[in-house]
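See structure below.
The values are calculated or read from the model by the stated rules, or taken from the named source; none is laboratory data. Quantities reported herein were computed from a predicted structural model and do not represent experimental measurements. No Cβ is skipped: glycine too gets one built from the backbone with ideal geometry, and neighbour counts run over all protein chains shown.
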Amino acid sequence: MPFSAMGLDTFVVEPKAEAVQETARAILRQQYTLIVVAENVARQAQPVFDATMRKAVPCVVVVPFTAEPTGIATESLGRLIKLAAGINILKS
């Protein structure tokens, strides 16, 4: 995992909604300031992280995964930009 090589905490999950959401809850309990979520599990983790979207901390960022992009990374970034600037400049 590239993030582990940089000294960051990483969490491997099975691609099942229940496992992803339980790991997301565990990550939130650890009170990280920045949480980076791979696009391939972001939709499954979204119900857990949605509660934090209106707070400054933690900042949840979705990044593309090695598989085919699904667009959730761009959607998530658009929501963060709208929170910060009041407008989603990524929307067409």
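Observations on the model:
- Ile27 fulfils the conditions (1) of a type outside the set (Gly, Ala, Ser); (2) modelled with pLDDT under 90; (3) part of a helix (DSSP H, G or I) except for a single criterion, (2).
- Screening region 30-58 for residues that are of a type in the set (Lys, Arg) and either in a helix (DSSP H, G or I) or in contact with a helix residue (DSSP H, G or I) (Cβ under 8 Å, 6 or more places away or on another chain) (or both) and picking the one that is farthest from Ala84 (Cα to Cα) gives Arg43.
- For first residues located in region 24-37 and crowded, with 16+ Cβ neighbours inside 10 Å, partners that are of a type in the set (Gly, Ala, Ser) and lie 6+ apart or on another chain with Cβ distances below 7 Å form the pairs Ala24/Ala45; Val37/Ala45.
- Condition check for Val48 on (1) more than 12 Å from the chain's Cα centre (by Cα); (2) surrounded by 15 or more Cβ atoms within 10 Å (Cβ to Cβ): one failure, at (1).
- The set of residues from region 45-85 being touching a Lys or Arg at 6+ places or on another chain (Cβ under 9 Å) and hydroxyl-bearing (Ser, Thr, Tyr) comprises just one member, Thr70.
- Sole residue being touching a strand residue (DSSP E or B) at 6+ places or on another chain (Cβ under 9 Å) and at pLDDT below 85, chosen from Val63, Val36, Val57: Val63
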